[in-house]
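The values are calculated or read from the model by the stated rules, or taken from the named source; none is laboratory data. Small disclaimer: the values here were computed from a predicted structure and weren't measured. In this analysis, Cβ positions are derived from the backbone assuming ideal geometry, glycine residues included, and neighbour counts consider all displayed protein chains.
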Amino acid sequence: MGDLLPWRLAWQVALYGSDGFYRRASGPAGHFTTSTHGPHAAVLAEALGRLADREGARHVVDVGAGRGELLTALHAARPDLHLTGVDVVARPERLPGGVAWLVSPGGSDLPAELRDLTDVLVVANEWLDVVPCTVATVRGGRLVEVDVDVATGAEAPGGPLDPDDEAWAAAHWPADGLPDGARVEVGLTRDRAHADLLSRVRRGTVLVVDYAHDRVTRPLPGTLTAYRDGGIVDPVPDGSCDLTAHVALDTLDTDRVVTQREALRALGVTGTVPDHSLARTDPLGYLGALSRSSAEASLLAPRGLGGFGWALTRLPRSGATGAAD
Ligand SMILES: C[S@@+](CC[C@H](N)C(=O)[O-])C[C@H]1O[C@@H](n2cnc3c(N)ncnc32)[C@H](O)[C@@H]1O
């Protein structure tokens, strides 16, 4: 074996190091599809515009903005909103003028300039799943770190967990009763990154959206997965692929977690297929409506994007504003 590192450290360098995967020109959309890509973007942007209105926000901040796909759609749908993107690369050239941009260190770290936000809706779509976390495995009833060869992805059992990770696992994903070899993805780095994001907002709403599990659905074999060029590949932390693991949204300090399907339905997204009679009277209009309804259905699909979790938090937490609904 070559150089072995705990997964969390190898993952950080692989995605956000100087040659990291997320610094590549291709950007996330070159490798996988999210709710902000292609025809999804317009539907999601309009729904988020309605959410911003409901929450009294005049400013939308997109954390983990990729190459500005969602912001571009938001700018088209809602030119009245002030928009800011945050990601690890320089401001994308094709971003509409007037959209602000902050360069971020990456992973759990956010830029210092992101602070004191007011009347804001902060959206982080698929950010926390790429915040590297400790990967542990059960050996003889105890959790140890999983180390990885950075060149090949070969794994070996490592040292004991640090006390904070151990405490997180004991509280949220205990090893008791798990078979040897079961994996635990320790969510502490995600909890802390989310808490840091909340601390940047004086008044507003934070929405994080991700592949989620909770206490009753923790995945025994773990979920660490790699993507490259539209397909799933072996997870190797060499900067050649995305590395992602589902998020324990239930352990974040949030007001409420609902599915994307529930949230988008409440914001007026229906997935209704247009009446076929429109095809005779307005063929182009019919095709447009059909493409829109198919994007809506994809965002609502219970076993697909509709199954993602939406974790909403209103700030300040004084209780005066009530829970997000
Ligand atoms: C899975 S992609 C999702 C991109 C986009 N939100 C979407 O839904 O298509 C994750 C993005 O988060 C960015 N990212 C990771 N850590 C970040 C951080 N601390 N601050 C800002 N962006 C970050 C990555 O560079 C990448 O563009």
Inside region 301-325, the number of residues satisfying the requirement of being at pLDDT 95 or above and more than 20 Å from Asp214 (Cα to Cα) is 3
Of the residues in region 78-107, those that are within 26 Å of Asp255 (Cβ to Cβ), among the aliphatic types (A, V, I, L, M) and either surrounded by fewer than 21 Cβ atoms within 10 Å (Cβ to Cβ) or touching a residue at least 60 places away in the same chain (Cβ under 8 Å) (or both) come to Leu81, Leu102
Note on Ala57: of the conditions (1) more than 10 Å from the ligand (Cβ to nearest atom); (2) more than 21 Å from Val201 (Cβ to Cβ); (3) of a type outside the set (S, T, N, Q); (4) touching a residue at least 12 places away in the same chain (Cβ under 8 Å), unmet is (2)
Can Asp119 be described as closer than 20 Å to Ala45 by Cα, within 10 Å of the ligand (Cβ to nearest atom), among the charged types (D, E, K, R) and surrounded by 15 or more Cβ atoms within 10 Å (Cβ to Cβ)? no
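Going through region 115-138 one residue at a time, which ones are within 19 Å of Ser199 (Cα to Cα), not β-branched (Val, Ile, Thr) and not in a strand (DSSP E or B)? Before the answer, list the steps.
Pass one, region 115-138, residues within 19 Å of Ser199 (Cα to Cα): 115-125, 127-128, 131.
Subset that is not β-branched (Val, Ile, Thr): 115-117, 119, 121, 124-125, 127-128.
Arg115, Asp116, Trp127, Leu128, listed by residue number.
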Note: among His213, His194, just one is under 29 Å from Gly304 (Cα atoms) and touching a helix residue (DSSP H, G or I) at 6+ places or on another chain (Cβ under 7 Å), namely His194
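In region 122-148, how many residues are charged (D, E, K, R) and within 16 Å of the ligand (Cβ to nearest atom)?
Going through region 122-148, the residues charged (D, E, K, R) turn out to be 126, 129, 139, 142, 145, 147.
From what is left, the residues that are within 16 Å of the ligand (Cβ to nearest atom) are 126, 129.
Adding up the residues that qualify gives 2.
Condition first: over 17 Å from the mean Cα position of the chain (by Cα) and among the small types (Gly, Ala, Ser). Now tell me which residues in region 99-127 satisfy that. I'd like the intermediate steps shown before the answer.
As a first pass, look at region 99-127 and keep what is over 17 Å from the mean Cα position of the chain (by Cα): 99-103, 111-120.
If the condition is that a residue be over 17 Å from the mean Cα position of the chain (by Cα) and among the small types (Gly, Ala, Ser), then Ala100, Ala112 are the ones that fit.
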Given (1) near the ligand (Cβ under 9 Å from one of its atoms); (2) surrounded by fewer than 22 Cβ atoms within 10 Å (Cβ to Cβ), Ala65 misses just (2)
Given the conditions (1) away from the ligand (no atom under 13 Å from the Cβ); (2) within 16 Å of the chain's Cα centre (by Cα), every one holds for Ala151 apart from (2)
Going through (1) buried (at least 18 other Cβ atoms within 10 Å of the Cβ); (2) in contact (Cβ under 8 Å) with a residue 24 or more places away in the chain one by one, Glu166 fails only at (2)
Leu51 passes all but one of the listed conditions (1) away from the ligand (no atom under 14 Å from the Cβ); (2) surrounded by 21 or more Cβ atoms within 10 Å (Cβ to Cβ); (3) assigned to a strand (DSSP E or B); the exception is number (3)
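Can you find even one residue in region 147-160 that is in a helix (DSSP H, G or I) and of a type outside the set (A, V, I, L, M)?
So far as region 147-160 goes, no, none of its residues is in a helix (DSSP H, G or I) and of a type outside the set (A, V, I, L, M).
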Note on region 1-29: residues away from the ligand (no atom under 11 Å from the Cβ) and assigned to a helix (DSSP H, G or I) are Trp7, Arg8, Leu9, Ala10, Trp11, Val13, Ala14
Inside region 72-89, the number of residues satisfying the requirement of being over 18 Å from the mean Cα position of the chain (by Cα) and assigned to a loop (DSSP other than H, G, I, E, B) is 4
Counting only strands (runs of 3 or more DSSP E) wholly inside region 238-322, the ones holding at least 1 residues that are touching a residue at least 12 places away in the same chain (Cβ under 8 Å) and over 17 Å from the mean Cα position of the chain (by Cα) are 309-315
Scanning region 30-48 residue by residue, those more than 24 Å from Val201 (Cα to Cα), more than 12 Å from the ligand (Cβ to nearest atom) and part of a helix (DSSP H, G or I) turn out to be Ala42, Val43
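Residues to consider are Pro96, Pro92; find the one that is within 16 Å of the ligand (Cβ to nearest atom), within 24 Å of the chain's Cα centre (by Cα) and over 18 Å from Leu207 (Cβ atoms).
Pro92
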Query raised in the report: Does Asp210 satisfy the criteria of being surrounded by 21 or more Cβ atoms within 10 Å (Cβ to Cβ), among the charged types (D, E, K, R) and over 18 Å from the mean Cα position of the chain (by Cα)?
Result: no
